[in-house]
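The block underneath contains the structure these notes are about, expressed in structure tokens.
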Amino acid sequence: MPSPQSTPAALPLLPIDGNKRKCYGCWACANVCPKDAIVMTDDEEGFSYPRIEASFCTGCDRCIHVCPAANLSRLPDPLPAPEVLAAWHLDSEVRRQSSSGGVFTALAEEVLSKKGLVFGAVFDQDFVLVHRAATTKDELGRTRGSKYLQSRMGDAYCQAKTALKSKAWVLFVGTPCQIAGLKNYLDKEYETLVTCDLVCHGVPSPKVFQSYLAELAAQRHHPKTETVSFRNKRLGWKKFSMSVAFVNGERHEQALTEDPFLIGFLRDLYLRPSCHACQFSCIPRVADITLGDFWGIGGSRPELDDDRGTSLLLINSTRGKAFFELCRKKLFSSPCSLAAAIASNSCLIQPVAAAKDRDRFFETMREQGFAAAQKKFTPSPTLFRRMRSLLRTYAATIVRKARRFVRNQGLNHSD
Ligand SMILES: Cc1cc2nc3c(=O)[nH]c(=O)nc-3n(C[C@H](O)[C@H](O)[C@H](O)COP(=O)(O)OP(=O)(O)OC[C@H]3O[C@@H](n4cnc5c(N)ncnc54)[C@H](O)[C@@H]3O)c2cc1C
């Protein structure tokens, strides 16, 4: 326990004060505080924010200096422009278990072969998402896969620093703001550190996810949850599904257009407020390597889309390039243009806007639970799909009529 200060110091003014859009919830401030005076506390939406224990704070302001909202971190050795690749892991089982093409696993395997640590997001026994270090292949299995939630960093930055000081290799994967928090926290370059950020749509509320899980279990008389996959590929990479398995053998599986949690996530109903003002949804990126889905690649390069998962890979720094060369043998990869990457993935360069019903969604969820709130603020999938197909038919008719009109005009001119 830290010792309380006899005279309370003037508390540092964290950027979050009074404005939740300014706190990414990266935990850098909590990791750096020498007095453990910062406690991360969940708000009513389920996102964690720092709270300073006045009696322990010495007013050293270290928390302010590491905050990525106040101090943007940059790569020391950026390439003039990122190298863009479409890629996948050559092991088809790894690719099947991964969200995109499984490039993360190739990077992680290289670090494990050097007896290093791979930090990523894993579920604990209560299905709370936490950042942990994997040092074995088994642990890597749990780290694999996108979990569409904000993970709790805990003391992962401190652990990474301890490992780096002893010259161990560290691969640190996270959302761009988590990588920015790590770099500010470390405040120094380490030769054995490789950072990897994700193209990030935003992080949904852990509280919403817990309500969703509890309601799924309640429909089945409360069995314990066994596994959760947000990116099951049974119906293909592009039509991924949410899959929740319960210990009694029951299973919930719904595609992204049907599952209530995925629908609300993709409609931006319950992302962290800071996601809508994210300073890291941009190029240059904050990490050595950036990973995402190469959505839309089948349009321009059909040979790169077999619907089993194609990763988008950006190599942003000289260190990222050197490290990637060590992993290349495990991957198929093909160079692509940045324009192709951005075309179907706007989160690479700009944050998403919040749904206009976001606040009303949370109010309703507080009063009536997740399912009721979700139903109220997202059109039913069938209605949504019907409207989308009507709009598509309508747009196609207009295009057809316009083409006929242009053709006729042309004929008239030539007459
Ligand atoms: C919240 C979130 C939003 C995303 N939004 C987009 C998007 O809009 N467009 C896009 O192209 N890609 C997005 N991605 C990235 C994409 O889903 C894949 O994670 C990425 O392509 C890597 O896939 P992979 O097959 O190489 O590796 P995988 O095996 O799928 O590995 C994923 C890696 O991400 C880490 N991770 C998983 N969940 C989290 C989390 N909640 N927080 C921090 N780290 C996590 C894992 O630990 C692992 O290291 C998002 C990912 C997350 C977690």
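Values computed for the structure shown
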{"quantity": "Calculated from backbone phi, Karplus (6.51, -1.76, 1.60) coupling profile of segment 259-276 in Hz, x at Gly/Pro", "calculated": "6, x, 5, 5, 4, x, 4, 6, 8, 6, 7, 9, 7, 4, x, 5, 4, 7"}
{"quantity": "Environment charge at residue 309 (Cβ cut-off 11 Å; Lys +1, Arg +1, Asp -1, Glu -1)", "calculated": "+2"}
{"quantity": "Relative contact order (%) - criterion: Cα under 8 Å, at least six apart; region: segment 61-203", "calculated": "23 percent"}
{"quantity": "Probe 1.4 Å - accessible area at residue 252, Å² to nearest ten", "calculated": "20 Å²"}
{"quantity": "Per residue value of the accessible surface for the chain (all protein chains in place, 1.4 Å probe), Å²", "calculated": "48 Å²"}
{"quantity": "Karplus-derived HN-Hα couplings along segment 336-345 (A = 6.51, B = -1.76, C = 1.60, θ = phi - 60°), whole Hz, x at Gly and Pro", "calculated": "9, 8, 5, 4, 5, 5, 6, 3, 10, 8"}
{"quantity": "Carbon/sulfur fraction of accessible area - the chain, other protein chains in place, 1.4 Å, %", "calculated": "54 percent"}
{"quantity": "Exposure ranking of 98, 113 by accessible area [1.4 Å probe, largest first]", "calculated": "113, 98"}
{"quantity": "Gain on full stretching of the segment that runs from residue 353 to residue 253 - 0.36 nm per residue minus C-alpha separation", "calculated": "33.2 nm"}
{"quantity": "Residue-averaged [θ]222 nm for the chain, counting only DSSP H segments that reach four residues, each worth -39500 (n - 2.57)", "calculated": "-10500 deg cm²/dmol"}
{"quantity": "Solvent-accessible surface (1.4 angstrom probe) belonging to residue 65, in square angstrom, nearest 10", "calculated": "120 Å²"}
{"quantity": "Accessible area of residue 375 in the full protein assembly, 1.4 Å probe (Å², nearest 10)", "calculated": "150 Å²"}
{"quantity": "Inter-site label distance for residue 326 and residue 220 at 7 Å from Cα along Cβ, in nm", "calculated": "4.1 nm"}
{"quantity": "Antiparallel bridges, percent of DSSP beta bridges restricted to the chain (to nearest 5)", "calculated": "75 percent"}
{"quantity": "Cut-off 11 Å between beta-carbons: net charge of the residues surrounding residue 237, Lys and Arg +1, Asp and Glu -1", "calculated": "+4"}
{"quantity": "Gain in span if fully extended, residue 363 to residue 210, counting 0.36 nm per residue against the direct Cα distance", "calculated": "53.4 nm"}
{"quantity": "Rounded FRET efficiency, nearest 0.05, which uses the C-beta distance separating residue 167 from residue 376 and R0 of 45 Å", "calculated": "0.25"}
{"quantity": "Length-normalised contact order for the chain - Cα pairs under 8 Å, 6+ apart - percent", "calculated": "19 percent"}
{"quantity": "Distant-in-sequence amide H partners of residue 79 (H built 1.01 Å from N, under 5 Å)", "calculated": "317, 318"}
{"quantity": "Estimated FRET transfer efficiency when R0 is 30 angstrom, pair residue 113-residue 77 (beta carbons, to 0.05)", "calculated": "0.80"}
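The values are calculated or read from the model by the stated rules, or taken from the named source; none is laboratory data. These numbers were taken from a predicted model, which means no experiment stands behind them. As a convention, Cβ positions derive from the backbone with ideal geometry for all residues, glycine included, and neighbour counts pool all protein chains shown. To get the accessible areas, we keep the full protein, side chains included, count just its heavy atoms, and leave off ligands, DNA and RNA. Shrake-Rupley method; radii C 1.70, N 1.55, O 1.52, S 1.80 Å.
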